[in-house]
Amino acid sequence: RWQLPPQVLSHPHLKLISLKDAYFREDRYDLSQLNWLGRKIEEELVNQGHQHIRWIGDLSPLLECGVSWKELAVMEYNVNSVYRSQSVEGLAIYPFPDRTDDPCQACILCQHPWLLGTKGFVKNPYYNNPLLCWARGQLKARRI
(Lines give C-alpha, C1' and ligand atoms only; values in the text may rest on other atoms or scores of the structure.)
Protein backbone atom coordinates (compact mmCIF):
# COMPACT_ATOMS: atom_id res chain seq x y z
CA ARG A 1 0.00 0.00 0.00
CA TRP A 2 2.81 2.44 0.85
CA GLN A 3 5.14 1.12 -1.86
CA LEU A 4 8.04 0.84 0.57
CA PRO A 5 11.35 -0.51 -0.72
CA PRO A 6 12.22 -4.12 0.26
CA GLN A 7 15.11 -3.03 2.50
CA VAL A 8 12.68 -1.04 4.67
CA LEU A 9 10.16 -3.88 4.86
CA SER A 10 12.88 -6.36 5.84
CA HIS A 11 14.42 -4.12 8.52
CA PRO A 12 14.61 -6.08 11.80
CA HIS A 13 13.17 -3.22 13.86
CA LEU A 14 10.05 -2.78 11.71
CA LYS A 15 7.03 -4.72 12.88
CA LEU A 16 3.87 -4.64 10.80
CA ILE A 17 0.59 -5.18 12.62
CA SER A 18 -2.57 -6.08 10.77
CA LEU A 19 -5.49 -3.67 10.69
CA LYS A 20 -7.77 -6.26 12.29
CA ASP A 21 -5.35 -6.94 15.16
CA ALA A 22 -4.80 -3.27 15.92
CA TYR A 23 -8.29 -1.78 15.65
CA PHE A 24 -10.85 -4.59 15.85
CA ARG A 25 -12.02 -6.94 18.58
CA GLU A 26 -14.26 -9.83 17.56
CA ASP A 27 -14.64 -8.27 14.08
CA ARG A 28 -15.96 -4.96 15.50
CA TYR A 29 -14.06 -1.66 15.57
CA ASP A 30 -12.99 -1.07 19.17
CA LEU A 31 -10.84 1.87 20.22
CA SER A 32 -9.80 0.13 23.43
CA GLN A 33 -8.13 -2.59 21.34
CA LEU A 34 -5.58 -0.07 20.08
CA ASN A 35 -4.80 1.07 23.62
CA TRP A 36 -4.49 -2.48 24.94
CA LEU A 37 -2.32 -3.74 22.08
CA GLY A 38 -0.16 -0.62 22.10
CA ARG A 39 0.63 -0.89 25.80
CA LYS A 40 1.41 -4.60 25.45
CA ILE A 41 3.81 -4.05 22.55
CA GLU A 42 5.41 -1.04 24.24
CA GLU A 43 6.08 -3.09 27.39
CA GLU A 44 7.67 -5.89 25.35
CA LEU A 45 9.92 -3.48 23.43
CA VAL A 46 11.04 -1.59 26.53
CA ASN A 47 11.90 -4.92 28.20
CA GLN A 48 13.99 -5.78 25.12
CA GLY A 49 15.98 -2.56 25.59
CA HIS A 50 14.42 -0.31 22.96
CA GLN A 51 14.56 3.30 24.10
CA HIS A 52 12.39 4.88 21.41
CA ILE A 53 9.23 3.54 19.77
CA ARG A 54 7.48 5.16 16.83
CA TRP A 55 3.97 4.08 15.83
CA ILE A 56 2.87 4.72 12.27
CA GLY A 57 -0.77 4.04 11.58
CA ASP A 58 -2.30 4.04 8.12
CA LEU A 59 -5.92 4.85 8.92
CA SER A 60 -7.31 4.93 5.39
CA PRO A 61 -8.31 1.24 5.49
CA LEU A 62 -10.48 1.99 8.52
CA LEU A 63 -12.69 4.21 6.39
CA GLU A 64 -12.96 1.37 3.88
CA CYS A 65 -14.11 -0.89 6.75
CA GLY A 66 -16.95 1.46 7.66
CA VAL A 67 -15.31 3.44 10.48
CA SER A 68 -16.48 7.05 10.20
CA TRP A 69 -14.43 10.26 10.14
CA LYS A 70 -16.07 11.12 13.46
CA GLU A 71 -14.75 7.89 14.99
CA LEU A 72 -11.29 8.65 13.60
CA ALA A 73 -11.39 12.09 15.22
CA VAL A 74 -12.31 10.52 18.57
CA MET A 75 -9.46 8.04 18.16
CA GLU A 76 -7.06 10.88 17.37
CA TYR A 77 -7.78 12.67 20.65
CA ASN A 78 -7.60 9.42 22.60
CA VAL A 79 -4.29 8.36 21.10
CA ASN A 80 -2.80 11.83 21.57
CA SER A 81 -3.63 11.70 25.25
CA VAL A 82 -2.32 8.15 25.79
CA TYR A 83 0.79 7.77 23.65
CA ARG A 84 2.78 10.93 24.26
CA SER A 85 5.82 10.11 26.36
CA GLN A 86 9.58 10.38 26.14
CA SER A 87 10.02 6.95 24.60
CA VAL A 88 6.91 6.73 22.39
CA GLU A 89 5.58 8.85 19.56
CA GLY A 90 2.94 8.23 16.97
CA LEU A 91 2.22 9.27 13.42
CA ALA A 92 -1.19 8.65 11.93
CA ILE A 93 -1.54 8.70 8.16
CA TYR A 94 -4.97 9.82 7.00
CA PRO A 95 -6.39 9.70 3.50
CA PHE A 96 -6.89 13.03 1.80
CA PRO A 97 -10.52 13.92 2.61
CA ASP A 98 -13.31 14.23 0.08
CA ARG A 99 -14.23 17.64 1.46
CA THR A 100 -12.79 20.01 4.01
CA ASP A 101 -16.05 21.54 5.20
CA ASP A 102 -16.78 18.50 7.37
CA PRO A 103 -15.57 19.46 10.87
CA CYS A 104 -14.45 15.91 11.61
CA GLN A 105 -12.23 15.85 8.54
CA ALA A 106 -10.95 19.34 9.31
CA CYS A 107 -10.20 18.29 12.86
CA ILE A 108 -7.85 15.61 11.63
CA LEU A 109 -6.37 17.69 8.83
CA CYS A 110 -4.99 20.50 10.95
CA GLN A 111 -2.90 18.11 13.05
CA HIS A 112 -0.90 16.19 10.44
CA PRO A 113 1.88 17.45 8.16
CA TRP A 114 1.45 14.59 5.63
CA LEU A 115 -1.53 12.88 4.03
CA LEU A 116 -1.81 9.76 1.94
CA GLY A 117 -3.21 10.66 -1.47
CA THR A 118 -3.97 8.55 -4.52
CA LYS A 119 -0.41 9.13 -5.79
CA GLY A 120 1.35 8.53 -2.48
CA PHE A 121 2.24 10.87 0.35
CA VAL A 122 1.46 14.56 -0.09
CA LYS A 123 2.34 17.54 2.07
CA ASN A 124 -0.80 18.65 3.89
CA PRO A 125 -1.72 22.21 2.87
CA TYR A 126 -4.07 22.45 5.87
CA TYR A 127 -1.49 21.57 8.53
CA ASN A 128 -1.60 24.04 11.47
CA ASN A 129 -4.32 26.01 9.72
CA PRO A 130 -5.91 28.28 12.36
CA LEU A 131 -9.32 28.09 10.72
CA LEU A 132 -9.31 24.31 10.90
CA CYS A 133 -8.06 24.47 14.47
CA TRP A 134 -11.16 26.52 15.18
CA ALA A 135 -13.20 23.64 13.73
CA ARG A 136 -11.35 21.27 16.05
CA GLY A 137 -12.30 23.52 18.98
CA GLN A 138 -15.93 23.30 17.94
CA LEU A 139 -15.74 19.52 18.01
CA LYS A 140 -14.40 19.59 21.55
CA ALA A 141 -17.23 21.90 22.55
CA ARG A 142 -19.76 19.43 21.11
CA ARG A 143 -18.05 16.54 22.93
CA ILE A 144 -18.04 14.08 20.04
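The values are calculated or read from the model by the stated rules, or taken from the named source; none is laboratory data. Computed from a predicted model, the values in this text were never measured in an experiment. Because the Cβ atoms are built from the backbone with ideal geometry, glycine has one as well, and the counts that use them run over all protein chains shown. SASA here: full protein model, heavy atoms, side chains in, ligands and nucleic acids out. Shrake-Rupley method; radii C 1.70, N 1.55, O 1.52, S 1.80 Å.
Would you mind getting me the FRET efficiency between residue 29 and residue 56? Use the beta-carbon distance for r and R0 = 25 Å, nearest 0.05.
Taking R0 as 25 Å, the efficiency between residue 29 and residue 56 is 0.80.
Show the residues, 5+ positions off or on another chain, whose built amide H is closer than 5 Å to the amide H of residue 53.
Sorted by chain and number, the residues that satisfy this are 88, 89.
Roughly speaking, to the nearest percent, how much of the stretch 1-40's 1.4 Å accessible area is carbon and sulfur?
For the stretch 1-40, the apolar C and S fraction of the accessible surface comes to 54 percent.
Among 55-61, 8-14, how do they line up from the highest to the lowest mean number of other beta-carbon atoms within 10 Å?
Top to bottom by mean Cβ count within 10 Å: 55-61, 8-14.
Based only on Cα atoms, what mean projected area does the convex hull of the stretch 1-80 have, in nm²? Intermediate results must be reported in sequence, preceding the final value.
Values: hull surface 24.4 nm².
With every direction weighted equally, the projected area is 6.1 nm².
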